[in-house]
Amino acid sequence: MVFQNYALYPQMTVAQNLGFALELARLGKNDIKQKVAAAAASLGLEPLLGRYPRQLSGGQRQRVAMGRAIVRDPKVFLFDEPLSNLDAKLRVQVRGEIKELQRRLKTTTIYVTHDQVEAMTMGDKIVVLNGGRVEQIGAPLDLYDRPTNRFVATFLGSPAMNLIEGKIDGGTSRLVLPDGHSAAIGSTPAAWTGRKILFGIRPEAVRLDSEAGLPCVVSLIEPTGSETHLVAHAGQTEIVAVLKERMRIHEGDAVKLSFDTAQTHFFDPDSGQRLEAR
């Protein structure tokens, strides 16, 4: 097991920390030495074997904690939020190291995290829990592309999926908002006409549209360099867009937004469960 708290023995060197569990198991000195050397080599800890935990960085301490698990040759690894104590840059580095380690060792790994990016980038399969209840199980992109309910839809993705309340106008395949404005959402079942719906669209599927888009007023612009995050309001309805191009738009500007109808999601407004439109 590897925890958020490194839980290293401060009075022991890296080598002693790595080999302590093996000593308790009464392995021979040569066997301990070989296992510690192999674990240190796999984690890039060889130059640090003589150091104490206080002489290590946070990332190095976490690698030592991982090494203590590796030397025992477990059938299953359990990582309990191991990166929470690391800064953002180091978290990305150690995340890659853990993924590479798992690929080489080919050992089943259960990884507990509240960080959706960690879950999406590291997992072969994700189990989304909510209050102790399993909401959905599946491959990362399956959950991202087809969330089973409102909770999963908003949990995965940053910024989170837009959820817009409205009614279906089946004759025009449009979503009618409470203020009377409407937006094209693609084809929906004829039986949905007039039905209240929770319409889901991810920010990257929102587009600027000077012609037939939904009239909105920009309330916030966040340039990130490679992307521009735009927050706009259609009446009381907030819509977040992630735009790849750099825009000459300012807070208070009037814009029109449209939705990629190939990437729409529909949920029941009462139960929050996914509805299939096709």
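Computed from the coordinates by the stated procedures, all read-outs in this text should not be read as laboratory data. Just so it is clear, the structure is predicted and the values come from calculations on it, not from any experiment. Note that we place each Cβ from the backbone using ideal geometry, even for glycine, and neighbour counts take in every protein chain shown.
Distance between the 7 Å Cα→Cβ label points at Val117 and Gln16: 3.8 nm. Within the same chain, lysines fewer than 8 places from Lys167 are excluded, and of the rest, those with a Cα less than 27 Å from its Cα are Lys196, Lys256. Look at Val127, Val242 and count the other Cβ atoms within 10 Å of each Cβ; fewest to most, that gives Val127, Val242.
Counting only alpha carbon atoms, the long axis of helix 29-43 and the longest principal axis of the chain meet at about 30°. With a threshold of 29 Å on the Cα-Cα distance, the over-threshold entries among Lys29/Lys89; Lys89/Lys244; Lys33/Lys106; Lys75/Lys125 are Lys29/Lys89.
The structure-derived value of log10 I(q)/I(0) by the Debye sum over Cα atoms at q = 0.10, 0.13, 0.16 Å⁻¹ appears in the list (1) -0.47, -0.83, -1.35; (2) -0.64, -1.03, -1.38; (3) -0.67, -0.89, -1.14 under the label (3). Only helices enter this figure: runs of n ≥ 4 DSSP H residues, each worth -39500 (n - 2.57), summed and divided by the residues of the chain, yield -8000 deg cm²/dmol at 222 nm to the nearest 500.
Backbone geometry of region 154-166 corresponds, through the Karplus equation with coefficients 6.51, -1.76 and 1.60 at θ = phi - 60°, to 3J(HN,Hα) couplings of 8, 6, 8, x, 9, x, 5, 4, 6, 10, 10, 7, x Hz, x marking Gly and Pro. Spin-label model, Thr172/Tyr52: points 7 Å from Cα along the beta carbon direction are separated by 7.4 nm. Which shape class, rounded, prolate or oblate, goes with region 32-98 when its Cα gyration tensor gives a ≥ b ≥ c as root eigenvalues, a/c under 1.5 marks rounded, and past that a/b bigger than b/c marks prolate? Oblate shape, in that a/c is at least 1.5 and b/c is the bigger or equal ratio.
Shown in residue order for region 213-223 are the 3J(HN,Hα) couplings computed by the Karplus curve 6.51 cos²θ - 1.76 cosθ + 1.60 at θ = phi - 60°: x, 7, x, 9, 10, 6, 10, 7, 10, 10, x Hz (x for Gly and Pro).
Between Leu105 and Gln93, the contour length at 0.36 nm per residue exceeds the Cα-Cα span by 2.5 nm.
Applying the Karplus relation 6.51 cos²θ - 1.76 cosθ + 1.60 with θ = phi - 60° to region 247-260 yields 3J(HN,Hα) values of 10, 9, 10, 10, 4, x, 6, 8, 9, 10, 10, 10, 10, 6 Hz, where x marks Gly and Pro.
Amide H to amide H distances under 5 Å link Leu214 with Leu257, Ser258, where only residues 5 or more positions off or on other chains count and H is placed in the peptide plane.
The C-alpha atoms of the chain define a longest principal axis, and helix 58-70 lies at about 70 degrees to it. Each part reduced to its alpha carbon centroid, region 78-152 and region 20-70 end up 25 Å apart. Once the chain from Arg133 to Ser187 is taken as fully extended at 0.36 nm per residue, the excess over their C-alpha distance is 16.1 nm. With neighbour counts taken as other beta-carbon atoms within 10 Å, the residues Phe20, Phe266 rank, fewest first, as Phe20, Phe266. Computed from Cα positions, the angle between helix 88-105 and the longest principal axis of the chain comes to roughly 70 degrees. Averaging the sequence gap over all C-alpha pairs within less than 8 Å and six or more residues apart, then dividing by the number of residues, gives region 2-124 a relative contact order of 31 percent. Counting every other Cβ atom within 10 Å of each residue's Cβ, Leu105, Leu257 order from fewest to most as Leu105, Leu257. Counting 0.36 nm for each residue step from Glu245 to Leu24 and taking away their Cα separation leaves a gain of 73.7 nm. Of the GluC sites (Glu not before Pro) found in region 140-231, the ones in coil according to DSSP and having at most 11 other Cβ atoms within 10 Å of their Cβ are Glu211.
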